[in-house]
Structures are given as structure tokens and as C-alpha cells.
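Q: Handing you a structure now.
Each reported figure results from applying straightforward, stated rules to the coordinates on display, with no laboratory input. All of these numbers come straight from a predicted model, not from anything done at the bench. Neighbour counts run over all protein chains shown; Cβ positions are idealised from the backbone, glycine included.
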């Protein structure tokens, strides 16, 4: 069934300036700053408004002022914008709606969903399971005609699956089964033969599930737990809303394995310990740890095997929640602590694979994601008490545009990977938040 999200009720932060930031100019200034700093020169100005960072083209490293850090979120060591820097997007000018689907009441029963978009532009459409449908049905939906090509039955009952590859040749869904319900399984649909194959790997050690990435080599990379960050003595401090503030978490690490999606005996120990992991077409990118302080970011050229690493200059307390990479860009979405006035320090940090700071979005109650191969960073603001901030935003890596797409987010976890570099998925509430509408859009350039 669909994962019901806890409604994140967060009070409004201090009002930010209403004028829109010239993001492209700010990013250009930030890139120039990085090049200068590498030669030993540092300089710049930080601009603050009502206790919230509005723009910080250059600032001191996070945590350099202990007094300020105790009362206000520290300024990131990067060009910085807030949600107020987004320009309202206009359909038909900034983006085009390709498809939408509404479930009016997901509180009552499961529904139908967009699980992602294939490389050749078809939507993976999932129906159920629910009370009158004992297993999910899948179809490839053509957004131009609204026609559905229903796939052969998969026969997995109520088991959940996540799309990890939606190519023109095959669909790969990751799921779990076995006596513990946690044995990883891949369901591979050959689009030419129109057949499903279920893959398991008897020699694979116990791994964390669901946690897997498809590499450019077509293998599935999975994660065996290595170390787990410990809860501090006395427990986590209490943050906003009475929740635990685990922003200073130690982080977890994993041994990396890869498996074939055609040969169950092909299991390979990659002899590498990672935190989070992402692939571009030409490189593998990983952090030292996940779900805590990220440590360093490492980049391996898949053609030559050459590696380099860099300090991403995250904040001292930042907990890495989401990680992605595409071409020469890296995304790190982080929670960096609670502050007085129910203010959260949430950040969506974008860097180059050489470690240059491109831009950091810093605001209350935001998180970001980046699909493999996409140019669109999707940013979600769950600040449900403030209609001026809540909604879906996108940051275009190719043009440095920062756009606000919607002014509300549904209460459900919906979405999946998109096959086109300019496409993105988002969702909005309906029926007094009991349901949701999913949207597929494409940026216009």
C-alpha cells in the first residue's frame, strides 16, 4: 500500500524578502568564488534578513560563530538562496503538463499511481493492490494518447515494489520476500519478449532493503550493513514539535555488493565501504556515511578507474538524507538542526563532481531529490502552516532557474524516476487532503 507520510506541521519562519533572486547571477558568482578560493584568496559578503539567510554569495564556514549558531541556522559555505528566491512558474511558458491522475480518497483504500517514466516516454502505471484487487496491475501509459498497455500479471500479492530502472529495453522493480520478508528480489520485465523474470541471489549476504542502485553496467548495487551510528548517551535532544533532533548523527556505512539481473550466481563483492551511492553515465559517486554526517564525497571514473575526493563543506551538524548525481553535478539533501521559533535548518546542496559549490537552498522544512540522468532537482516544502512556502519547486541544473510549481503537497509518498532529463513528477492534495493528484511535467527551455 502507499506509504502514508506524517503531516509535517511546522510554523512559519521569519518573513524573507519578497523580491526574487537572480539565481543565474548568484550561481555564476559562487563558481567564480570557488575558483578564487582555490588559489588562496577568500572574500565576500553575507546578506541576512529577519534572522533567515536570504542570499549568501559568500560567508564564513558553518559554525564559525558559536553564538549565532545557537540562535539562527549557520550560513552555508556556498552561494545560498531560500524559497523566496523562486519565481512562480507559468504552465505553457516554463513547463508543460504531460499527464495527471487523481485518487480522491487514499485514506479509504489503495489507488492508482505513476511509478515513474521510461526512457522512451511512457509512464509506468500501477493499479492497486486494494480490497477488490489482490495484486497490483502494471501498465505502460502513453501520455500523448492516454492509452494503457497492460503488462502480464506479476503475481506478487500485496508486496511493495520500487522502480529502479525504466529503460526502453526492460523494467526493473525492486521488492522483498522470503521467510523474513526482507530478502531482496528484482522483478525484471523484458519489453521485447513481454515476460517477467524474478531474480534472487542465494550467495548474497544479508543486505539492507530496500536499498539498491542500477549502475551504467546494468548491474544492481546493494548494501550490506557495516557500521551503524549510535544514539548518544541520554538520547537525542528534543527538537521542534517534540521530535528528536538527530541532526548531529554519526551516520551509517555499508559494504557494497553488485549482482547480475540475468545470472543468479553472479554476485560480486565490490570491496568498498560507502554511505550513500549514486551513478552518472561515466562515474560512481559515494559518501563516507549515510543518515548522518556525510564525510567526504568520492568520485570514480568508470572508464579509467581514477578516483578523487573532496570535502563538500556541509554544516557541522548536517544529516545527509538524500543523495544523487547526474553528469557533473551532485545533490545532497540534509537536515541540519532545529532552532528557536520552530525553525529547521534544511538544505539542498548542489555541487560539481570536482567539489565546486554551485548553490545551496536553505529554508525551513524542505527536502530535495534528483533522479538518475535528470537535469531537474525537485524540491518539496512541507511547511504546511505557511501557504507562502509549501509546495513543489524545481531547480534546473542546465539553466540555474529556480521555479515554484505548486503551492501545496499531498500527504502521500508518490513518484518515481523519470526517463527524460527535463521531466519531473509532483503531487498535490485533493478532497481535504484525503487524496492526491499526481502530475508529470516537462521543463520548457
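Q: Please compute the length gained on full extension between residue 109 and residue 272, using 0.36 nm multiplied by the number of residues separating them and subtracting their Cα-Cα distance.
A: Here the answer is 54.4 nm.
Q: Applying a 10 Å radius around every beta-carbon, put 358-367, 345-354 in order of their mean neighbour count, most first.
A: My ranking of the peptides, most packed first, is 358-367, 345-354.
Q: Decide, for the range 333-422, between rounded, prolate and oblate: order the square roots of the alpha carbon gyration tensor eigenvalues as a ≥ b ≥ c, take rounded if a/c falls under 1.5, and otherwise choose prolate if a/b is larger than b/c, else oblate. It would help to have the intermediate numbers written out before the result.
A: On the way: a/c = 1.97, a/b = 1.27, b/c = 1.55.
Taking the square roots of the gyration eigenvalues as a ≥ b ≥ c, the range 333-422 is oblate.
Q: Would you kindly state how much longer the chain becomes between residue 160 and residue 243 on full extension, computed as 0.36 nm times their sequence separation minus their alpha carbon distance, in nm to one decimal?
A: Result: 27.1 nm gained on full extension.
Q: Here's something else I'd like to know. Calculate the spin-label point distance for residue 313 paired with residue 97, positioning each point 7 Å from the Cα along the beta-carbon direction, and give it in nanometres.
A: Going by the 7 Å Cα→Cβ label model, 4.1 nm.
Q: Applying a 10 Å radius around every beta-carbon, put 265-275, 301-311 in order of their mean neighbour count, most first.
A: For the peptides 265-275, 301-311, the packing ranking is 265-275, 301-311.
Q: Would you mind ranking 138, 189 by Cβ crowding within 10 Å, fewest neighbours first? Could you put the intermediate results ahead of the total?
A: Details: 138 25, 189 21.
Final ranking by Cβ density, sparse to dense: 189, 138.
Q: By count of other Cβ within 10 Å, fewest leading, how are 259, 430 ordered? Please list the in-between numbers first.
A: On the way: 259 24, 430 17.
By the 10 Å Cβ count, ascending: 430, 259.
Q: Sorted by mean Cβ packing within 10 Å, highest first, what order do the peptides 281-290, 330-339 take?
A: Ranked from most to least packed, the peptides come out as 330-339, 281-290.
Q: Sort 115, 206 so that the residue with the fewest other Cβ atoms within 10 Å of its own Cβ comes first and the one with the most comes last.
A: Placing the least packed residue first, the sequence is 206, 115.
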